[in-house]
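Enquirer: Input: one structure, supplied below.
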Amino acid sequence: MKPIQHNFTDHGHANGHANGDGQPPFTIVSKLAHWDSSASVRTKPRRMLQDDEAAGKLFFTPELVPVARHPLVEQLGPETVRALQVRHLYRYLDFTTRLELDVINGVASDIALGKAAIDLPDVMRADAFRLCTDESHHAYFSDDMRRQVIEATGITPEPSATPSFLRRLRAIRRGLPRDERRLSAILFAVVSETLISGILAQIPRDERVVTGVREIVADHAEDEGRHCAFFSQFFTYLWPQVERGSRTTLGPLLPEFIIAFLEPDTRVIQRSLAALPLGPYEVGSIIAEAYPLDQLNSSAREAAAITLHLFEHNEVMDDPRIADAFRERGLID
């Protein structure tokens, strides 16, 4: 991918690459211009667990932990259900920490430092510095809340394991030519930062969930709304600069990135269920019934609505091979 030279202003906006008439097709604007007065790291206090579990509150939205709602699990009693919900929270917080520090901050720092292999306006690089700060804060408050929940509940997390999305991303990158590995990470970041997960959408509004957890997820969701705008604009700027060969190689991986981000980590869930008084067949049945394929596909399409629109708007699907890859994953018709 070869950098393209442009002339930019330094006044909070910059013209994008020109079309055939010499006029820019869009304008680059700061998506984090009001960061000092809106970012959670600047404006929100440390979120603390309050003594509201005694009022019957939960640590996670039950509908988002379907294995804990299975009859075979419910018959083991409320303490088992509660422990599975708490451990699901731990996995979500670990997922967030690893995503922000292992993936997104690497991409954001490359953009900020001008190492992203594309020519960028300075306003976008300035936003990337702010984004790095946000993501580090998200990792911090996720780890902080995890520690608070351990102390409050006495429920220990499962042994540390690399999240499935990170295993998948690393496996994909190993199969790519070296010069396309960085671009694959950038594209994964675009995907992950433009998806709207059920957790970010539902937990802040679910008053059944303990206050501290709702507050950190709400803080995260507010920041991610701005990050979504940043990465949407960034992709619109990036994709025309990607060489045809790289599009052919990496375009069909975009649906894989979506699925890798959204699919349940069944290996870890299986290990968690296997620690209960359940047989292997029962564990397999619980997972299959809790995560039916048609429901996973429907949920993925809903969560990826903005991402899919972004790709369609930038004519990504005009390549039949890329479109076919999305169809095979059930993300488009």
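Derivation of every value follows stated rules applied to the coordinates shown; laboratory data play no part. Values in this document were obtained by computation on a predicted structure and should not be read as measured data. Cβ coordinates were reconstructed from backbone atoms using ideal geometry, including for glycine residues, and neighbour counts include every protein chain displayed.
Enquirer: Using the 10 angstrom Cβ neighbour count as an exposure proxy, how do His70, His138 rank, fewest first?
Expert: So the residues, fewest neighbours to most, are His70, His138.
Enquirer: I'd like to know which of Ile269, Ser40, Pro78 lies farthest towards the positive end of the charge dipole of the chain, counting +1 on Cβ of Lys and Arg and -1 on Cβ of Asp and Glu.
Expert: Most positive-ward Cα: Ile269.
Enquirer: Over the alpha-carbon set of the chain, divide Rg by the Kirkwood Rh and report the Rg/Rh ratio to two decimals.
Expert: My calculation puts Rg/Rh at 0.99.
Enquirer: In terms of modelled amide H atoms, which long-range or inter-chain residues lie less than 5 Å from the amide H of Val209?
Expert: Leu58
Enquirer: Quick one: net charge around His309, please, counting Lys, Arg +1 and Asp, Glu -1 for every other residue with C-beta under 14 Å from its C-beta. Walk me through the intermediate numbers first.
Expert: Values: positive: Arg301; negative: Glu302, Glu312, Glu315.
Net of charged neighbours comes to -2.
Enquirer: Give me the number: length gained by fully extending Leu296 to Glu328, i.e. 0.36 nm times residue separation minus the C-alpha to C-alpha distance, one decimal in nm.
Expert: Fully extending the segment from Leu296 to Glu328 adds 10.1 nm.
Enquirer: Report relative contact order for the range 68-328 in percent, whole number only (criteria: Cα-Cα under 8 Å, sequence separation at least 6).
Expert: 20
Enquirer: Kindly provide the helix-only [θ] at 222 nm of the chain, computed as the sum of -39,500 (n - 2.57) over DSSP H runs of four or more divided by all residues, to the nearest 500 deg cm²/dmol?
Expert: My calculation for the chain gives -18500 deg cm²/dmol from helical runs alone.
Enquirer: Put one equal scatterer on each alpha carbon of the range 196-333, apply the Debye formula with no solvent term, and list log10 I(q)/I(0) at q = 0.12 1/Å to two decimals.
Expert: Computed log10 I(q)/I(0) values: -0.65.
Enquirer: Under 5 Å between amide hydrogens, which residues at least 5 positions from Ile28 or on another chain qualify, with H placed 1.01 Å from N in the peptide plane?
Expert: Ala14, Asn15, Gly16
Enquirer: Calculate one ³J(HN,Hα) per residue across the range 31-36 by plugging θ = phi - 60° into the Karplus curve 6.51 cos²θ - 1.76 cosθ + 1.60, and present them in order as whole Hz with x for glycine and proline.
Expert: Computed from phi, the couplings for the range 31-36 are 9, 10, 4, 9, 4, 4 Hz.
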